[in-house]
1. Being of a type outside the set (D, E) and open to solvent by less than 40 Å² (accessible area, probe 1.4 Å) is the filter; apply it to segment 154-164 and report the residue that is farthest from I59 (Cα to Cα).
2. Limited to segment 176-197, what total is found for residues that are over 15 Å from Y252 (Cα atoms) and open to solvent by 20 Å² or more (accessible area, probe 1.4 Å)?
3. Inspect all residues belonging to segment 34-48 and state whether any of them is within 30 Å of H213 (Cα to Cα) and small (G, A, S).
4. Anything in segment 25-41 that is assigned to a helix (DSSP H, G or I) and either open to solvent by 50 Å² or more (accessible area, probe 1.4 Å) or not aliphatic (A, V, I, L, M) (or both)? List them, or say none.
5. Hey, among the residues in segment 93-114 that are open to solvent by 70 Å² or more (accessible area, probe 1.4 Å), out of contact with any Phe, Trp or Tyr (no Cβ under 9 Å at 6 or more places or on another chain) and among the polar types (S, T, N, Q), which one's modelled with the highest pLDDT?
6. Only residues in segment 256-269 that are under 15 Å from G233 (Cα atoms) count as the first member; pair them with residues that are at pLDDT 95 or above and of a type in the set (D, E, K, R), Cβ under 6 angstrom, at least 6 apart or cross-chain, and list the lot.
7. Specify the residue that is most open to solvent (accessible area, probe 1.4 Å); the eligible residues are those in segment 224-245 that are in contact with a helix residue (DSSP H, G or I) (Cβ under 8 Å, 6 or more places away or on another chain), among the aliphatic types (A, V, I, L, M) and modelled with pLDDT of 95 or more.
8. Restricting to segment 9-29, name every residue that is in contact with a Leu (Cβ under 7 Å, 6 or more places away or on another chain) and either aliphatic (A, V, I, L, M) or farther than 30 Å from W188 by Cα (or both).
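The values are calculated or read from the model by the stated rules, or taken from the named source; none is laboratory data. Here the structure is a predicted model, which means the values were calculated and not measured. Positions of Cβ are generated from backbone atoms using ideal geometry, with glycine treated the same way; all protein chains shown enter the neighbour counts. Quick note on the areas: whole protein, heavy atoms, side chains included, nothing else; ligands and nucleic acids left out. Shrake-Rupley method; radii C 1.70, N 1.55, O 1.52, S 1.80 Å.
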Amino acid sequence: MNVSSAFDIFQRVVNADEEAIREARRRRDLFKDAFGPESDVTEVIASGSLRRGTHRDPIHDVDVVIIFEGNHHPTWGRPGKSAEEALHYTRGKVNTLLGVSHGTFAKEVRLAKWRNHAVKCFLDDPEDSDAFTVDAMPALRSDGKLLIPEAKSKSWVPADPEHLIASVAAKHKAWNQFAGSVRMLKAWGAEQDIKVKSLVMEVLALHHMPTSHIRPVAMKNFFVKAAFHIESGMLVEDPAGICGPIQTDLKYVEFGERLRAAAKAASLAVAAQASNKDDAAISYWGEIFGDEFPKPPKSTSAPAAAVAVPRPVKDTPQG
């Protein structure tokens, strides 16, 4: 086994299986098909990591944006109670169209609860800790962007999820291993005990993952550049330049330390591979990505020196 085949094996580990992906898409498209014909709906957009192709195993939820016609809801988009009204209205529509008891389009949603920006719809038992959900977010088109309700602040805030969709698609077109590599980075982030959101890793990759190298070199360059970004006091922000920092409670000092440790181990891995020491390189990558990264085959060669890579394991579901 060489480094390339080790990465191929790890890719299959972090990828969701095709059956799970098909079912997630079916459930997401159920909302598109149900809401699409409604007279006050202009379009329904699939969003989230599944749409961008950066989802990793397991898939716990999918996202849709339901764009309503403003003329049908003239009070929406204004500060005040209209944010809650939009969420409450969307929840009612979900129950009417897709409620498990009386849905007119399909009977699949067991429970729908509106949250700050969206309605969380449980298609599995809500008591199940791994229950699959669809997050249905109402929105209005405004000046080329979206306005979405924010219940906590009783206001409507701008957002542009389509910008991230297009940016990731362009990056993947330039390098067809980009989306899969993001899944690996999300798996790395999920192992950290500082609660790194998967979107943080995706946006960092969008800015710092090169598209002109083989995968191990690209990964090494990512960790080096991402570590420098965070250690320089920079935040990880909405790439559309609208919503500001993605995770305000992220412990950036600790995050930078973990990225720097991974960068050091990745540099050693790439150097070992360049010296035709694939077993050592694979061991270094295993120090970064954890026990699910393949182990090098048993050999008589000396093992790689241990590298202090902090990776406390925490099983955190990522979308």
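1. Our first condition is that a residue be of a type outside the set (D, E); within segment 154-164, this holds for 154-159, 161, 163-164.
If we keep only those that are open to solvent by less than 40 Å² (accessible area, probe 1.4 Å) as well, we get 155-157, 159, 161, 164.
On the way: S155: 31, W156: 29, V157: 28, A159: 24, P161: 19, L164: 19 Å.
Result: S155.
2. To start, the set of residues in segment 176-197 that are over 15 Å from Y252 (Cα atoms) comprises 176-188, 190-191.
Subsequent filtering for residues that are open to solvent by 20 Å² or more (accessible area, probe 1.4 Å) retains 176-177, 183, 191.
Within segment 176-197, residues that are over 15 Å from Y252 (Cα atoms) and open to solvent by 20 Å² or more (accessible area, probe 1.4 Å) number 4.
3. Step one: of segment 34-48, the residues within 30 Å of H213 (Cα to Cα) are 47-48.
Within this subset, residues satisfying the condition of being small (G, A, S) are 47-48.
Yes, the conditions are met somewhere in segment 34-48.
4. Quick first cut of segment 25-41, residues assigned to a helix (DSSP H, G or I) only: 25-35.
Matches in segment 25-41: R25, R26, R27, R28, D29, F31, K32, D33, F35.
5. T104
6. Cβ pairs passing all conditions: G256/E231.
7. Checked segment 224-245; the qualifying residue most open to solvent (accessible area, probe 1.4 Å) is L235.
8. Matches in segment 9-29: A24 only.
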